[in-house]
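*Asks:* Handing you this structure, nothing more for now.
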Amino acid sequence: MAAWVKGGAADVDAAVAAAADLLATARVPVLAGLNADVAALRAAYRLAETLGASLDPVAGPGIYAELGALSAGGAMTTTRAETTARADVVLILGNRPWDGDLIAEIAAAPIRRGRATGSERALLSLGGPQNGAIRHVAYGADEGGLAVSLGHLRAFAKGHLAGEEAFADLARRLFAAQYGVVIYDAEELGEIGVEMLQGLIRDLNESTRFFTLPLADPFQGRATVQLSAWTTGQAPRVGFGRHLPEHDPWRFDSARQIAAGEADAALWLAALPAPRPDWLGTLPTVAIVGEGSTEAAGETAEVVITVGVPGESVGGALWNQRRGVIAYADATSPAEAETAAGVLARIRDRLIEKGVSC
Amino acid sequence: MLIRIQGGRVVDPTAGRDGVGDVWIEDGRVVAPSERTPDETIDATGCVVMAGGVEVHSHIAGGNVVMSRLLLPDLYVSESAPNGHPFAHAGGSGSWVGANYARMGYTTAVEPALPPSNALATHLELADIPLLDRGGLAVLGNDDHLLQLLRDGEGKAAVRDLVQQTLAHSRGLGVKCINAGGASAFKDGVLKLSLDDEIPCYGLSTRTIMSALLDAVEEIGVPHPLHVHCNNLGLPGADDSLVATLEAAEGRRIHFAHAQFYAYGVADPENPMTGGFRSAAERINAAMEAHPNATYDVGQVVFGQTVTISLDILRQFGGRKGAKPKKWVLSAGDAEGGGVVPFLYRPRGPVSSLQWAIGLELMLLSSNPERTILTTDHPNGGVFTEYPRIIHLLMDAEERAREIATLPAVVGERSGLPKIEREYTLSEIAQLTRSGPAKLLGLTDRGHLREGAKADIAIYRDDRNRTAMFSHAKLVLKDGQRIVEDGEVVAWFSGKTLSLNVEADAGMEKRAESYLQDRFGAGLDTFAVPDAAFPEQTRTFEDVACRA
């Protein structure tokens, strides 16, 4: 366990007290990052409510592309395991799904459940990197990008456009599916693209079964969304400045708030590794970071407290990418360490002792 | 501390009590009247004293409840929070759920859809519902592992062991099946399924799956009978599905979820799917009379905007075009998944009025309110905060007549409600909302005020305006502690999550681990609900014993 206050080594109690002092004097504090286990996220929401602060997860862009389209028109989704076992047609959108092992795993797996069992899986791509290592049929994207391409494809699928263009062929392949899945990354596709895709999926389901498999962000964004929804009734970003939770992705964008000079203090929570924000060092900040991370140093912020890394040095409930659910991860190398949840709760207790309330 | 609740009208049908008297409590339990001087006396003069309310079927947690908030962020309104619990005024949040149940005098609530594949998140959410004891029913009936066992004819012991293993790992209080086989069939292109239709790829039917689960629940000794969501919910002729399912139970204990949505007889036999429906409340109640092994909860409809949440993805897909506003979510999950479809029960609309009437008719025709549990299938029929109004309509025939007079004639033409004069008594309300649901869940320590009961007690000012009376309890005690005074929460603490005390069979655990690794590339540990996941709470779970 290590902690620093204004660059000097401190014990954790002193750092917690300094963090509380720093946050107590702020008029518009923000809690950002939020890459941590569920217990820490829960503690962060309670601290934000006490402070009247706003919360902004680092996973933001992907979350908002997904949530914006979701609240506008809904969605049809499936899981990784169902895709691997059932899907006879898989359409991969863009580049990001090709990162990692997902596509290779799907390509290698036989169809062994459902009505398409035993048939050959058709792997299709649209606007992808033309990955030659995995056998698939590649379709190029329009110059306008993926969202425009999906609009074009949907027009063929609906019969609003006709002809022998590549998208007509692709639309025919999609309709021929018995259990089709489109894999995409919401941040890459953008909100409009996701909305267009879900419209296409609805159209396909008039005659067959077709779903989407959106990739999860790597920063616990899915877990944050769930906890935020059951805690406040709403998705992040959320602010408590007016004594009630308000969901507003624009207003509570921490980078915007800080750049505009609205926020006067921040708490950066990254028990798990997260991209260092540009604004770190530009305003009084408390950093709660994982042991051994590059941010675990006195110069990172006015107050720095290191905590156990969930799933490594301490256990924690985390978003499990493979399963697509929150699952408990035991510590792989257990060590005596403060948890982020514990540190956040202690800061909150200290603030309550000081009589701080939004 | 010894507390005497003095001079109230004590209503406890399980003890034949309905009269002015006292209730004594000590250390969180109801005790016999004492000669000792009480440490505290609560004056209940002019009040009605009942056990805390028990909810058996309310969608208050889980991935689909979360999804409903994301789909309809403006369904609930958040209010500025007074000092107290930080999120209790956050509309639709878990804290809001706990606070609003408590204000009505409810002290226990069960989420009926705990997906084993997503059990931890559901339990984390349940644990964040304050003031109540909670629980969840593990959903089975569409999972490939179970269907494989049945397809391969592995026998009752294997099914029992898988159900027991699932209950143990998901920490469920009971077992529910939702349109058994329906989600699997939907994924394979089926859009309508009845009891004996074949589930593609498995050669099974809803009957065979449900029957196996009925047996397993009995063999394990789960106190709550199998909780069944039948085929064909909400369709004209759904009464046939419920009655056929009831007969298929062949005398085994069975609970029917939200029966109102099945009490729809075909109105025009010449055009069964297009001629609309008429009340089948009489038929459903007659069937229940003939089958004492069965119970149902109502799923009463209330007028206004809501969102329907169900793991019956076949049904939710079928209902998507009725979504209002026109957006919906459907997830084809690892077993069921879920469907979230917003819906407006149009005030004074002919269809919604008939649905409203059928729910009330079911309850008013019931000869045994203990087997007729009040629910709105929250939020599917409407929000649970409408219970006081529903109780008012059950207890006051004049109020009911006034409401019916504002509704379209179809209520009288296609239901028998306008002709019913019955008024529920307070004892019957206690059966409907306390003793009935507690017995149904096998929770012998609540739902009554006999010696040894938990001191979960609701005290209401006796008021002919039953809506007012039951909306804001004068006083609510949870485990003997005051949590509500004059309709406002005065103390916040966490109740317990009730889970069945079962242990997984070692052989089945090994087998499940192998199956899951093969299917998901991840094992049982990713399905587990360990105590360590709840670090802020000293003891989240409370064991409930199996039947002897």
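*Asks:* Given the residues A:L267, A:L283, A:L244, which is the only one that is modelled with pLDDT under 95, more than 18 Å from the chain's Cα centre (by Cα) and more than 30 Å from A:R173 (Cα to Cα)?
*Replies:* It is A:L244.
*Asks:* Still on this model: Quick test of your reading of the structure: B:S331 fulfils all but one of (1) outside any loop (DSSP other than H, G, I, E, B); (2) under 20 Å from the mean Cα position of the chain (by Cα). Name the failing condition by number.
*Replies:* Only one criterion is unmet by B:S331, namely (2).
*Asks:* Identify, please: which residue in the range A:321-358 is surrounded by fewer than 15 Cβ atoms within 10 Å (Cβ to Cβ) and of a type in the set (S, T, Y) and is, among those, nearest to the other protein chains (Cβ to nearest Cβ)?
*Replies:* Here the answer is A:S357.
*Asks:* Ok, one more. Got a number for residues in the range B:408-417 being outside any helix (DSSP H, G or I) and among the aliphatic types (A, V, I, L, M)? Talk me through it step by step, then tell me what you get.
*Replies:* Within the range B:408-417, the subset outside any helix (DSSP H, G or I) is B:408-409, B:415-416.
Keeping just the survivors that are among the aliphatic types (A, V, I, L, M) gives B:409.
The qualifying residues number 1.
*Asks:* Please give the number of the condition A:V194 fails out of (1) within 11 Å of another protein chain (Cβ to nearest Cβ); (2) assigned to a helix (DSSP H, G or I).
*Replies:* (1)
*Asks:* Taking A:T78 as meeting all but one of (1) under 19 Å from the mean Cα position of the chain (by Cα); (2) closer than 27 Å to B:S78 by Cα, write down the number of the exception.
*Replies:* In the conditions (1) under 19 Å from the mean Cα position of the chain (by Cα); (2) closer than 27 Å to B:S78 by Cα, A:T78 misses (2) alone.
*Asks:* Just checking, which of A:E191, A:E195, A:E187, A:E165 is touching a Lys or Arg at 6+ places or on another chain (Cβ under 9 Å) and farther than 22 Å from B:D188 by Cβ?
*Replies:* When all the criteria are applied, what remains is A:E187.
*Asks:* Next up: Looking only at the range A:88-122, which residues are of a type in the set (D, E) and in contact with a Phe, Trp or Tyr (Cβ under 8 Å, 6 or more places away or on another chain)? Give the derivation first.
*Replies:* Here is the first cut: in the range A:88-122, the residues of a type in the set (D, E) are A:88, A:99, A:101, A:105, A:120.
Once the filter is applied, which keeps residues that are of a type in the set (D, E) and in contact with a Phe, Trp or Tyr (Cβ under 8 Å, 6 or more places away or on another chain), the range A:88-122 yields only A:D88.
*Asks:* Looking at A:L102, is it surrounded by fewer than 24 Cβ atoms within 10 Å (Cβ to Cβ), within 25 Å of B:M67 (Cβ to Cβ), in contact (Cβ under 8 Å) with a residue 40 or more places away in the chain and more than 10 Å from every other protein chain (Cβ to nearest Cβ)?
*Replies:* Values: surrounded by fewer than 24 Cβ atoms within 10 Å (Cβ to Cβ): yes; within 25 Å of B:M67 (Cβ to Cβ): yes; in contact (Cβ under 8 Å) with a residue 40 or more places away in the chain: yes; more than 10 Å from every other protein chain (Cβ to nearest Cβ): yes.
It is true that A:L102 is surrounded by fewer than 24 Cβ atoms within 10 Å (Cβ to Cβ), within 25 Å of B:M67 (Cβ to Cβ), in contact (Cβ under 8 Å) with a residue 40 or more places away in the chain and more than 10 Å from every other protein chain (Cβ to nearest Cβ).
*Asks:* Just the residues that are more than 13 Å from chain A (Cβ to nearest Cβ), charged (D, E, K, R) and either surrounded by fewer than 24 Cβ atoms within 10 Å (Cβ to Cβ) or touching a Lys or Arg at 6+ places or on another chain (Cβ under 7 Å) (or both), please, taken from the range B:146-176. Give the derivation first.
*Replies:* As a first pass, look at the range B:146-176 and keep what is more than 13 Å from chain A (Cβ to nearest Cβ): B:146, B:149-150, B:152-168, B:172-176.
Next, only the ones that are charged (D, E, K, R) stay: B:152, B:154, B:156, B:160-161, B:176.
Across the range B:146-176, the qualifying residues are B:D152, B:E154, B:K156, B:R160, B:D161.
*Asks:* Can you tell me which residues in the range A:108-152 are under 14 Å from A:L189 (Cβ atoms) and out of contact with any strand residue (DSSP E or B) (no Cβ under 9 Å at 6 or more places or on another chain)? Outline the logic, then answer.
*Replies:* First, the residues of the range A:108-152 that are under 14 Å from A:L189 (Cβ atoms): A:125-128, A:141-142, A:144-151.
Of everything in the range A:108-152, those that are under 14 Å from A:L189 (Cβ atoms) and out of contact with any strand residue (DSSP E or B) (no Cβ under 9 Å at 6 or more places or on another chain) turn out to be A:D142, A:G144, A:G145, A:A147, A:V148, A:G151.
*Asks:* Hand me the list of strands (runs of 3 or more DSSP E) wholly inside the range A:22-83 holding 3 or more residues that are away from every other protein chain (no Cβ under 13 Å) and surrounded by 24 or more Cβ atoms within 10 Å (Cβ to Cβ). Talk me through it step by step, then tell me what you get.
*Replies:* Values: elements: A:29-35, A:54-57, A:74-78.
The qualifying strands (runs of 3 or more DSSP E) are A:29-35, A:54-57.
*Asks:* Let me ask something additional. Hey, can you tell me all the residues within the range B:444-480 that are more than 18 Å from B:D133 (Cα to Cα), of a type outside the set (A, V, I, L, M, F, W, C) and touching a strand residue (DSSP E or B) at 6+ places or on another chain (Cβ under 7 Å)?
*Replies:* Scanning the range B:444-480 gives B:R450, B:E451, B:Y460, B:R461, B:D462, B:K474.
*Asks:* Being of a type in the set (A, V, I, L, M, F, W, C), more than 21 Å from the chain's Cα centre (by Cα) and farther than 11 Å from B:A335 by Cα is the filter here, so list the residues in the range B:129-167 that pass it. Please lay out each step first, then the result.
*Replies:* Taking the range B:129-167 as the starting set, the residues that turn out to be of a type in the set (A, V, I, L, M, F, W, C) are B:129, B:131-132, B:137-140, B:146-147, B:149-150, B:157-159, B:162-163, B:167.
Adding the requirement that they be more than 21 Å from the chain's Cα centre (by Cα) leaves B:146-147, B:149-150, B:157-159, B:162.
Those that are of a type in the set (A, V, I, L, M, F, W, C), more than 21 Å from the chain's Cα centre (by Cα) and farther than 11 Å from B:A335 by Cα: B:L149, B:L150, B:A157, B:A158, B:V159, B:L162.
*Asks:* Is it the case, given these coordinates, that B:A90 is of a type in the set (A, V, I, L, M), out of contact with any strand residue (DSSP E or B) (no Cβ under 8 Å at 6 or more places or on another chain), at negative phi and modelled with pLDDT under 95? Break it down stepwise before answering.
*Replies:* Working: of a type in the set (A, V, I, L, M): yes; out of contact with any strand residue (DSSP E or B) (no Cβ under 8 Å at 6 or more places or on another chain): yes; at negative phi: yes; modelled with pLDDT under 95: yes.
Against the criterion (of a type in the set (A, V, I, L, M), out of contact with any strand residue (DSSP E or B) (no Cβ under 8 Å at 6 or more places or on another chain), at negative phi and modelled with pLDDT under 95), B:A90 qualifies.
*Asks:* How about the range B:523-541: which of its residues are surrounded by 19 or more Cβ atoms within 10 Å (Cβ to Cβ) and facing chain A (nearest Cβ under 7 Å)?
*Replies:* Those that are surrounded by 19 or more Cβ atoms within 10 Å (Cβ to Cβ) and facing chain A (nearest Cβ under 7 Å): B:T526, B:A533, B:P535.
*Asks:* Out of all the residues in the range B:470-494, which are surrounded by fewer than 22 Cβ atoms within 10 Å (Cβ to Cβ) and aliphatic (A, V, I, L, M)?
*Replies:* Passing the criteria: B:V490, B:A491.
*Asks:* With A:F240, A:F210, A:F252 as the choices, which residue is farther than 21 Å from A:L34 by Cα and either surrounded by 23 or more Cβ atoms within 10 Å (Cβ to Cβ) or basic (K, R) (or both)? Please lay out each step first, then the result.
*Replies:* Numbers: A:F240 fails: farther than 21 Å from A:L34 by Cα; A:F252 fails: farther than 21 Å from A:L34 by Cα.
Of the residues listed, the single one that is farther than 21 Å from A:L34 by Cα and either surrounded by 23 or more Cβ atoms within 10 Å (Cβ to Cβ) or basic (K, R) (or both) is A:F210.
*Asks:* Just need a number here: residues in the range B:266-277 that are over 22 Å from B:T376 (Cβ atoms) and either of a type in the set (A, V, I, L, M, F, W, C) or assigned to a strand (DSSP E or B) (or both). First the steps, then the outcome.
*Replies:* So in the range B:266-277, the residues over 22 Å from B:T376 (Cβ atoms) come out as B:266-276.
Retained after the next criterion (residues that are either of a type in the set (A, V, I, L, M, F, W, C) or assigned to a strand (DSSP E or B) (or both)): B:266-267, B:273.
Summing the residues that are over 22 Å from B:T376 (Cβ atoms) and either of a type in the set (A, V, I, L, M, F, W, C) or assigned to a strand (DSSP E or B) (or both) in the range B:266-277 gives 3.
*Asks:* Next question. What is the one condition in (1) more than 13 Å from chain A (Cβ to nearest Cβ); (2) under 23 Å from A:D37 (Cβ atoms) that B:M508 does not satisfy?
*Replies:* Against the list (1) more than 13 Å from chain A (Cβ to nearest Cβ); (2) under 23 Å from A:D37 (Cβ atoms), B:M508 comes up short only on (2).
*Asks:* What is the residue count in the range A:201-233 for residues that are free of Cβ contacts under 8 Å to residues at least 12 places away in the same chain and either part of a loop (DSSP other than H, G, I, E, B) or among the basic types (K, R) (or both)? Working first, answer last.
*Replies:* As a first pass, look at the range A:201-233 and keep what is free of Cβ contacts under 8 Å to residues at least 12 places away in the same chain: A:206, A:229-230.
Still in the running and either part of a loop (DSSP other than H, G, I, E, B) or among the basic types (K, R) (or both): A:206.
Qualifying residue count, the range A:201-233: 1.
*Asks:* Something else now. List the number of the failed condition for A:G114; all other conditions in (1) in a helix (DSSP H, G or I); (2) crowded, with 19+ Cβ neighbours inside 10 Å; (3) at pLDDT 95 or above; (4) within 12 Å of chain B (Cβ to nearest Cβ) hold.
*Replies:* (1)
*Asks:* Kindly provide the set of residues from the range A:87-111 that are within 22 Å of A:L170 (Cβ to Cβ), small (G, A, S) and assigned to a loop (DSSP other than H, G, I, E, B), ordered by number.
*Replies:* Scanning the range A:87-111 gives A:A87, A:G94.
*Asks:* Just to be sure I understand, how many residues within the range A:117-155 are without any contact (Cβ under 8 Å) to a residue 12 or more places away in the chain and within 14 Å of another protein chain (Cβ to nearest Cβ)?
*Replies:* 2
*Asks:* Okay, next question. Scan the range B:54-65 and tell me whether some residue there is among the aliphatic types (A, V, I, L, M), in contact (Cβ under 8 Å) with a residue 12 or more places away in the chain and surrounded by fewer than 21 Cβ atoms within 10 Å (Cβ to Cβ). Explain how you work it out, then say what you get.
*Replies:* In the first step, residues of the range B:54-65 are kept if they are among the aliphatic types (A, V, I, L, M); the result is B:54, B:56, B:60-61, B:65.
Those left that are additionally in contact (Cβ under 8 Å) with a residue 12 or more places away in the chain: B:54, B:56, B:60-61, B:65.
Now narrow it down to the ones that are surrounded by fewer than 21 Cβ atoms within 10 Å (Cβ to Cβ): none.
Checked against the condition, which is being among the aliphatic types (A, V, I, L, M), in contact (Cβ under 8 Å) with a residue 12 or more places away in the chain and surrounded by fewer than 21 Cβ atoms within 10 Å (Cβ to Cβ), the range B:54-65 yields no hits at all.
*Asks:* Can you pull out the residues in the range B:189-221 that are assigned to a loop (DSSP other than H, G, I, E, B) and of a type in the set (S, T, Y)? Write out each step before concluding.
*Replies:* We begin by selecting, within the range B:189-221, every residue assigned to a loop (DSSP other than H, G, I, E, B); these are B:189-198, B:200-203, B:205, B:221.
Selection gives B:S194, B:Y202, B:S205.
*Asks:* Another one. Out of B:V20, B:V30, I need the residue that is touching a residue at least 60 places away in the same chain (Cβ under 8 Å) and either outside any helix (DSSP H, G or I) or surrounded by fewer than 23 Cβ atoms within 10 Å (Cβ to Cβ) (or both). Which one? Spell out the reasoning first.
*Replies:* Working: B:V20 fails: touching a residue at least 60 places away in the same chain (Cβ under 8 Å).
Matching residue, one of B:V20, B:V30: B:V30.
*Asks:* Taking helices (runs of 4 or more DSSP H) that fall entirely within the range B:47-145, which contain at least 2 residues that are farther than 15 Å from B:S494 by Cβ and within 9 Å of another protein chain (Cβ to nearest Cβ)? Let's see the steps before the verdict.
*Replies:* On the way: elements: B:63-71, B:94-103, B:119-127.
It comes to B:63-71, B:119-127.
*Asks:* If the Cβ limit is 6 Å and pairs must be 6+ apart or interchain, which residue in the range B:484-496 that is without any contact (Cβ under 8 Å) to a residue 60 or more places away in the chain pairs with which residue that is among the β-branched types (V, I, T)?
*Replies:* These pairs meet every condition: B:A491/B:I483.
The values are calculated or read from the model by the stated rules, or taken from the named source; none is laboratory data. All values derive from a computational prediction rather than experimental measurement. Cβ: placed from backbone, ideal geometry, glycine included. Neighbour counts: every protein chain shown.
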